């Protein structure tokens, strides 16, 4: 007959749950201390838990939402993206340069099309005058 190890299993599960809750609380406290935006995915990775576990803990989800709302709003009320999602200065300059080139190309094309239209209208006017 096998020994009943239910109390030991329950004790082990309780200990793991406490350790997990402690890790989660520590990650939240660290993020709050640094006033850093943390997604559920990032929080789960840092705490070494599943996303489903995070979502099953309403208190943690609520604190994450509060933290993200507090750290992602500028003084003027606009929402700021997390630093990892914001474009770098180099990237923004490249986009500006590409937009400038595109504007120059479209301006040149616009002039060409206007000249072509003027010539075509002139030819049409001349043809009507001959008739």
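The values are calculated or read from the model by the stated rules, or taken from the named source; none is laboratory data. These numbers come from a predicted model, not from an experiment. Heads up, the Cβs are rebuilt from the backbone with ideal geometry, glycines too, and the neighbour counts pull from every protein chain shown.
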Test for residue 34: is it more than 16 Å from the chain's Cα centre (by Cα) and modelled with pLDDT of 90 or more:
no
With the checklist (1) surrounded by 14 or more Cβ atoms within 10 Å (Cβ to Cβ); (2) at pLDDT 90 or above in hand, flag the one item residue 117 doesn't pass.
(1)
The condition from (1) surrounded by 12 or more Cβ atoms within 10 Å (Cβ to Cβ); (2) under 23 Å from residue 85 (Cα atoms); (3) in contact (Cβ under 8 Å) with a residue 24 or more places away in the chain that residue 35 misses is numbered (1)
Any chance segment 91-112 includes a residue that's at pLDDT 65 or above, within 26 Å of residue 42 (Cβ to Cβ) and surrounded by fewer than 10 Cβ atoms within 10 Å (Cβ to Cβ)?
no
Within the bounds of segment 16-31, is there any residue that is at pLDDT below 90 and not in a helix (DSSP H, G or I)?
no
